[in-house]
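Accompanying notes for the structure given below.
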Amino acid sequence: MTMPPQPADTEGTGSSSPGGPDVVVCVGPGGVGKTTTSAALALQGAKRGRRACVVTIDPARRLADALGTGHLGNEPHLVNPPAGSSGWPGELWAVMLDAQGTFDHLVDRYATSGAQAEAILSNPVYRNISAALSGTQEYMAVEKLYELEESGRWDLIIVDTPPARHALDFMEAPRHLMRLLDNRVFRLLMAPTKVGLRALEVGTQVLLRTVAKVAGGEVVADTVEFFTEFEGMEDGFRARAKRADELLHSRKTEFALVCSPRRDTVEEALYLSAQLAKEGLEATRVVVNRCYPRYAPLSAGAQNRLADGPLAPLVANLEQLELVSAKEEEQLVRVSAALPKAVLYRVPFLAREVAELEALEEVACYLETEEARE
Amino acid sequence: MEPLSFFSQTRVLIVTGKGGTGKTTVCGVMANLAAREGLRALVVQVATASDRLEPETANLSHLFGRDEVLGYDEMALVTGPSGGEVRARALRPDTALVEYLHLHGMRRLSRRLVSTGALDVVATAVPGMPDMLVLGKVKQMERAAAAGSPGAPELIFLDAPAAGHAIRFLQSPHGLLEAASGGPVRSQAQEVVDMLSDPDRCQAVLVTTPEETPVSETVETAQLLEDRAGIKLCAVVVNARLPVLPLPEHLESAALSELAAGAGVTLAPSELESLIVAGKLRLERQGAQAAQVVRLAEELPLPQLELPFCFSADLGPDQLSTLTDALGRSVAGWQPVELP
Ligand SMILES: Nc1ncnc2c1ncn2[C@@H]1O[C@H](COP(=O)(O)OP(=O)(O)OP(=O)(O)O)[C@@H](O)[C@H]1O
Ligand SMILES: Nc1ncnc2c1ncn2[C@@H]1O[C@H](COP(=O)(O)OP(=O)(O)OP(=O)(O)O)[C@@H](O)[C@H]1O
Ligand SMILES: [Mg+2]
Ligand SMILES: [Mg+2]
């Protein structure tokens, strides 16, 4: 399925590059380096003279400190080059996703009155939706992307995503919220209360009774109130979710698949790429992160004769690291074969944790050179 | 300590830690060691309401040389001597909700309700409920284990969500106790809290790698688990630590060439380079890992168990066996610590 080109947005003002900024969405399984890669790609953009902004999700604390997003709110923040560095010609901005804040902002924006916004924001069921409904964080990442894109302040936006496993939750998330809003139970709840409850089918009533038993009748009352309050705002939400979805499908948006050279993460990454394909999208870059370096091997003779004696530990070490590196190579070949069209990058396992801008610069360097394919 | 006494401390071991540090692997290895000791072990993988985990559920079976995805029904992964075995299953909030509705006389409706998104409705109205239902199911299995029911396991390993989610997951019954004024859900929540807070029935194992961020997060999680969820911590597993090799501190090509010449070998420059570069990487890593292990011991006064890094990109039965041996040795050298 290919989406129609994004309609000209009359509200979104003055993007500098024609047609809006380039967008890169980094997806991949847990813990492989999505956040690291996103930040490195934004830094790379800044080095190439672009105004780049990265939306990070749950960065490790030291990386957040390095990007200055640790304590800041929901607004992008300009990252200064480290002292003593020659800096970069472009700009590097970073924002840490605050899913709740972003959702609140949306409610404010689409509420027809201050009173309506107030009522929704203070409703306990609303707080639950943003905290407990699966996919909300993903949805808000997309929403944040859309907001940044619309502002026209950046010409490159990199979006980090939460670990994705089952499917492309962040793409499905807007639909997921819509499905919740469309849920029959809630539809009926939104009818004037008494009529609504009476009109409910037996099954729904049973469910509501269960819910009421769990947390008392006020939960049901809050739920009814929330959905009643929400009325009139859904259309705004729906239209916006649709535009965000179009942005994800636009030609300006690229997907970078991040994985590590291990069987299971490769498996999960290839699964994600299949999910992307179902959406008519493809990963244009693949980053295989945390690879052991490759070494020239010892000759068999040397290996045998040095296997005991003073050099034995060094020989054993080389043998072990070579072994893991060879095993990783098999996984790299697998990724390469499965995704023949994507640009492949190989980032080594760095000696230091990627928590400082210097380490990010190092990662960014490895994202400059495409890996040769066999 | 004998592995058997280690495993007889409690009936449910909740295994948690930062994402990707090896929770699933550690569950498999511990269960395998228990099976070698003749115990019937069950690994339960759980998903939280906000987390859908399909493809991952094959990782555990892969470790045992199988590739079937775990489902609701128990799957036998391995049988050991004298009746020992490892079985595994996956628990999901939607099936737990179906079961709950069944048990409370809503059999006919439950499946349809769940298929129409009732889980979302319930999770939205009462966020802790799906998670608590999953824990309720675990408690039911723990009761069966305690009663020695036929077919029941003797020991349950819970492959819990990653640290951040784990706290919310394990706190869910506490939250419901506060919210619910009565009825079956309240009593269920109370029973789960009783299990979580009784160290004879349930304890937690934290998994970390010897790296800076995972260690820091482990220390934080440990405190939250005790304070917020009231769970006793049993041990911390330092996973994937590079085995320490006695490498020379100074790696210079001249000195290495000379040593090689002593053994009658002339090393090519590329060979020397490989030995030196690989040696430096190992020294650097070993050193950094050792420092993190020490820091962990200082900041978290818990017994440490250690599992080595396997030089592989794909953990299967061979690695499982190596890791199980290593865990056995680590447990054998383990001194239970009386914590202040
Ligand atoms: N190439 C590398 N060399 C060494 N360490 C790395 C490398 N890439 C990432 N790391 C480290 O690995 C850890 C995980 O990286 P990161 O947080 O980017 O992963 P993630 O995919 O975003 O994880 P999550 O799924 O939990 O969000 C971090 O501590 C990071 O510093
Ligand atoms: N001791 C080890 N040596 C080498 N590799 C290991 C070791 N332990 C785990 N791994 C590898 O590390 C990765 C993560 O392990 P595992 O899946 O057990 O972690 P997890 O904590 O369950 O992850 P998740 O948070 O995604 O559920 C896997 O690729 C696994 O094969
Ligand atoms: Mg991340
Ligand atoms: Mg796991």
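Here the gap between A:Leu78 and A:Ala115, fully extended at 0.36 nm per residue and compared with their Cα-Cα distance, gives a gain of 9.9 nm. Averaging the sequence gap over all C-alpha pairs within less than 8 Å and six or more residues apart, then dividing by the number of residues, gives the range B:138-204 a relative contact order of 24 percent. Under a 5 Å amide H cut-off, with hydrogens placed 1.01 Å from N, B:Ile231 pairs with B:Glu226 among residues at least 5 apart or on other chains. Calculated FRET efficiency, B:Arg228 to A:Ala326, Cβ-Cβ distance, R0 = 56 Å: about 0.80 to the nearest 0.05. Normalised by the number of residues in chain B, the mean separation of alpha-carbon contacts (under 8 Å, six or more apart) gives a relative contact order of 23 percent.
Take each residue of peptide B:138-150, count the partner chain Cβ atoms within 10 Å of its Cβ, and average: the result is 0.
Mean per-residue shielding of peptide B:251-264 is 3, counting Cβ atoms of other chains within 10 Å of each Cβ.
Within the accessible area of the range B:221-340, the carbon and sulfur atoms contribute 55%, probe 1.4 Å, all protein chains present.
Its relative contact order, with pairs defined as Cα atoms under 8 Å and 6+ residues apart, puts the range B:204-322 at 37 percent.
Computed from the C-beta positions of B:Val294 and A:Ala274 and an R0 of 45 Å, the FRET efficiency is 0.55 to the nearest 0.05. Extent along the principal axes, Cα only, for chain B: 82, 40, 38 Å, with the longest axis given first.
Solvent-accessible area per residue in the range A:222-374 equals 43 Å², computed with a 1.4 angstrom probe and all protein chains kept.
Summed over both chains, the accessible area lost when B and A associate is about 6000 Å², using a 1.4 Å probe. Residues in the range B:194-248 average 33 Å² of solvent-accessible surface per residue, probe 1.4 Å, ligands and nucleic acids excluded.
The values are calculated or read from the model by the stated rules, or taken from the named source; none is laboratory data. The structure presented is a predicted model; accordingly, all values stated were derived computationally and were not measured. Cβ: placed from backbone, ideal geometry, glycine included. Neighbour counts: every protein chain shown. The protein model used for the area step is the full one, side chains on, heavy atoms only, and it has no ligands, DNA or RNA in it. Shrake-Rupley method; radii C 1.70, N 1.55, O 1.52, S 1.80 Å.
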